[in-house]
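One structure is given below, encoded as structure tokens.
The values are calculated or read from the model by the stated rules, or taken from the named source; none is laboratory data. Note that this is a predicted model, so its numbers are computed, not measured. Don't worry about glycine lacking a Cβ; one is built from the backbone with ideal geometry, like all the others, and counts go over all protein chains shown. Heads up: the accessible areas ignore ligands, DNA and RNA and are worked out on the full protein's heavy atoms, side chains in. Shrake-Rupley method; radii C 1.70, N 1.55, O 1.52, S 1.80 Å.
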Amino acid sequence: EGEAEPEPEPEPEEEEEEEEEEEEGEAPPELTAEEMAARCQVLIDSITNTVWDYIRRGLFVRHKQTVAAMIALKIATNDGWLKDEQVDYLVSGKDSSDPGNMGPLGAWLPEIIWPKIKALEGLAEFKGIGDTMQSDSDDWKEWFSLPNPEASKMPSDYDKILDQFYKLVFIRATRPDRTSVALNGWLKTNLGNNFVEQPPFDMGATFKETTNQTPVFFVLFPGVDPTGWVETLGKELGFTEENGNFRNISMGQGQEAPAESIVQRFAKDGGWIMLQNCHLMEDWVPSLERLLEVVQENAHKAFRCYVSAEAPSMDWMKNMPESLLQSCVKVSNEAPADVKSNLMRAWSEFSQDRIDASSKPKEYKGILFCLCYFHAVVCGRRGFGPQGWLRMANGQTYSYNTGDLTICDTVLFNYLDTNPGVPWQDLRYLFGEIMYGGHIVNDIDRLMCGTYLEYFMKDQLLDEMDLYPYADTAGAGPDRFNAPQTSKSYENVLDHIEQKLVGDSPLAFGLHPNAEIGFRTEQSENLFKTILDLSPQDVMTGEGGTSSQNAAEAALQDILEMFRDQKFDIEGIVSTIDDMGPYQNVFLQECERLNVLLDTMTRTLQELDLGFRGELTMSDSMEAVQSALFLDQVPQAWFKVAFPSLRGLSLWLQSLSQRVAQLQEWTGAPSDIPLVTWITGLFNPQSFLTAIMQVTAQAQALELDKLTIQTEVTKKLDPADISAPSREGAYIHGLALEGARWNQGNSLLESSLPREMNSEMPVINCRTAVGLRADHGVYLCPCYMTQQRGPTYVFSADLKTKAPPAKWVLAGVCLIMDIIQ
């Protein structure tokens, strides 16, 4: 009595609805400050990794570490665990203007490293490090000589003083060749392994990010074909040509209309279309972009468009509309560049059945393996820049792919079947001059290709020959890789590659181990130069630093003070010359070109000075000069009228001062030439060499076009030791060897010492020779104006050698005029 009647139990559906209403009505539990911070950090990390995964899939391999470093440094400064000043020390690689005496370090430390070490003393953590290194010189020498100093204990208790970032800064200053490795370690610690080691490309995962309004853009690389990825995924999802909902079109003349028709049909009915090699249709691609914009508005949900194109040959070129690239999911999946991966990939193109079909299976197998190794070497050599292939000097490379290899295989198979023996000479010619040589556009690269085949294609190949060309070390081990026994099966050869080919030594290419140091050093410098170029310049460079304008203004005044009044009076010089000969013409032309450069420098700097004062409106060209001065780069306006050089502005100005000094010394007695000409200091060194031949031709009544320059290396390293002019020709100096060293004791080429990147050459006597030069025991060494090589070729010098000249050809040995240590 007095109790309410029990309410009827709700139906199950009503009960679920009430529970949902109760859940919706409940407020989520409040997070503590610590939990909220942890949750936010998880979200930030997830977003960071997601963005990185999206970005890195479309990056070239050479750019991935640069972008990862930029992201990491930005996060570090935003979160406050690094300051701008600390980052500036890493990125800019500062030099001390007054480093002082090196003391005992001078016996082993490269001179260029010492100013960088002293500059680090601006950071509290490195205070007094120069004195400490001088006190413990032997310990630091041992650390400096280690193959992996970034992973080794630092002397003088600096392991306890420096954290991982400061160790990276120190490695950047002292061992730039190990900077990229140290940077990877720092990235892995602070951002995770995902920023250093990326997983293999997954077409299925990429497809999940696409929609009917998001095309996929594949960057084409030699040896990489995305067709297989798309077709395999299409079969899994039911998109095939047999089903009528997949089309693969290789673009070319006349393919525009069929491609547009299929895009429209598949956008309406659903289907996949793959448009390959769109770089061949640059004029049509904008029409494709507009068509995709139209059809994607109401496209079928199963519509997908895949586009592929090669990257332009030069970084500054564009062959695809930027807006099209921005709308696509970009995939840049490059083939591995190491010899082992390329060799495995090449050998996998063939089978035991193919070997058994040959009438000479042992010979065929041995030569085929060598052909695969040759293919791997010529593909991997481009990783060493101009020292690997001269064409790399122009930012281009040779697009060798498995098609070249399989065509050579067909030639090999047929020639072995139709000849009683192995026609080595025919094979060398066909492979080196036609198949692989057909890609090559200059004589020096062609010589290198032929030299490889001269070494590989011979009878010893079938007797487990050493495949590392002309390596100095002897015996087996990591510095050796021999051809497999011809009796081994196809599968045994794969095991031979896996077990015997250890690492990726420069010796595999015929290069000196120092080539890897040079490559890694250049890689490091380019990385930080890119970061610096992309950094905002209107900010402070650090605590107590200098703004872009202040730094540029200070440099401007210093340069004007040095060169404003430097100019040569051409008419006055001509009036003092008694007999105008070839040499005088050369030096007068040099004075004229130097006047043009000095006038351009003075004019642009004075304009910029007026701009800073507000008396002249700042133009794009003036801002470009300001930017270059701030970044220690030679302004483009100067570079166009200057001598070829890869130097930064500070070193470039030093070189310019030396060039002015040489011409001023000549103008004191213009009828005579210097006892020893610093040929590096000439705008056009070829004209000086031509003058040598002209003088001989005039004196002996010879035809100029039948004369060449012959060189003889003297025993004099210091030009001041030359007391009389050359009896034949003229003396020159200023050259340095790269890739080898000159033994002054026996006047012969020999292999470089460890970590010896270049070797200063003694004074050289250049004289005229008639006809072709003998090449027995002589390496015709190409000489270039800069380390860019390629377009700066000057002439070839005669250098004596006991080793076969082919050894130096494969090592990429050359003379450089303007060497940068």
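Structural remarks
- Between N333, S359, C305, the Cα set farthest toward the positive side of the dipole of the range 300-363 (charges on each charged residue's Cβ, about the Cα centre) is that of C305.
- Ligands, DNA and RNA aside, I444 has an accessible area near 50 Å² when probed at 1.4 Å.
- Neighbourhood net charge (11 Å Cβ-Cβ; Lys/Arg +1, Asp/Glu -1) for S358: -1
- The range 692-821: radius of gyration over Cα atoms, expressed as a fraction of 2.2 N^0.38 Å: 1.07
- Restriction of the GluC sites (Glu not before Pro) in the range 213-306 to DSSP coil positions whose beta-carbon has at most 13 other beta-carbons within 10 angstrom yields E241, E242.
- Separation of the range 106-135 from the range 629-648 is 29 Å, based on Cα centroids.
- Once backbone amide H atoms are built at 1.01 Å from N, G270 has H300 as its partners under 5 Å, excluding neighbours fewer than 5 places away on the same chain.
- ³J(HN,Hα), Karplus 6.51/-1.76/1.60, whole Hz, each residue of the range 369-381, x for Gly, Pro: 4, 5, 4, 5, 5, 4, 4, 5, 5, 5, 6, x, 5
- Rounded accessible area of F519 (nearest 10 Å², 1.4 Å probe): 70
- Selection of GluC sites (Glu not before Pro), the range 314-371, meeting DSSP coil and at most 12 other Cβ within 10 Å: none
- Loop-resident chymotrypsin sites (Phe, Trp or Tyr not before Pro) (DSSP state other than H, G, I, E or B) in the range 27-94 with no more than 16 further Cβ atoms inside 10 Å of their Cβ: F60, W81.
- Rh by Kirkwood over Cα pairs, then Stokes-Einstein D for the range 49-159 at 0.890 mPa s and 25 °C, µm²/s: 149
- Environment charge of Y398, counting only residues whose C-beta is closer than 10 Å and scoring Lys/Arg +1, Asp/Glu -1: +1
- Heavy atoms of D283 accessible to a 1.4 Å probe, total area in Å² rounded to 10: 150
- Of the beta bridges in the chain, as assigned by DSSP with both residues counted there, near 55 percent are antiparallel.
- Amide hydrogen neighbours beyond the local backbone of V307, cut-off 5 Å, H modeled: V216, F217, F218, L275
- Sequentially through the range 347-354, phi angles give Karplus couplings (6.51, -1.76, 1.60; θ = phi - 60°) of 5, 5, 6, 10, 8, 5, 4, 5 Hz, Gly and Pro residues having no value and appearing as x.
- Of K141/K715; K74/K94; K64/K160; K127/K160; K64/K640, pairs whose Cα-Cα distance is over 24 Å: K141/K715; K64/K160; K64/K640
- Rolling a 1.4 angstrom probe over the protein heavy atoms with all chains in place gives the chain an accessible area of 50 Å² per residue.
- Leading residue at positive end of dipole, the chain (Cβ point charges), from S145, H512, A552: H512
- Peptides 605-612, 42-49, 221-228, 93-100, ordered by how many other C-beta atoms sit within 10 Å of their residues on average, highest first, read 605-612, 221-228, 93-100, 42-49.
- Basic side chains Lys and Arg get +1 at the Cβ, acidic Asp and Glu get -1 at the Cβ, and with that the dipole of the chain about its Cα centre reaches some 6220 debye.
- For the range 670-806, the Cβ-based charge dipole about the Cα centre amounts to some 200 debye (Lys, Arg positive; Asp, Glu negative; other atoms uncharged).
- Note on the chain: dipole from Cβ charges, positive end direction compared against G128, Q276, L427; the farthest Cα belongs to L427.
- Of all lysines in the structure, those lying under 16 Å Cα to Cα from K362, and not within fewer than 8 positions of it along the same chain, are K458, K488.
- Computed in the context of the full set of protein chains, the accessible area of the range 542-601 at 1.4 Å probe radius has 42% of its extent on carbon or sulfur.
- When +1 charges are put on Lys and Arg Cβ atoms and -1 charges on Asp and Glu Cβ atoms, the dipole computed for the range 696-759 relative to its Cα centre reaches about 140 debye.
- 3J(HN,Hα) couplings calculated from phi for the range 267-279 with the Karplus curve 6.51 cos²θ - 1.76 cosθ + 1.60 (θ = phi - 60°) are, in sequence order, 5, 8, 9, x, x, 10, 10, 10, 9, 9, 6, 5, 5 Hz; Gly and Pro show x.
- Across K116/K529; K500/K807; K706/K807, pairs whose alpha-carbon gap is larger than 18 Å: K500/K807; K706/K807
- Taking amide H atoms as placed 1.01 Å from N in the peptide plane, the amide H of F795 lies under 5 Å from those of C783, each 5 or more residues away in sequence or on another chain.
- Identified option (computed percent of Cα pairs over 50 Å apart; candidates (1) 26; (2) 31; (3) 38): (2)
- Look at where the Cα atoms of the range 404-464 and of the range 150-204 average out, and the two centres are 43 Å apart.
- Computed on protein heavy atoms with a 1.4 Å probe, the accessible areas place H512, H63, H375 in the order H63, H512, H375, largest first.
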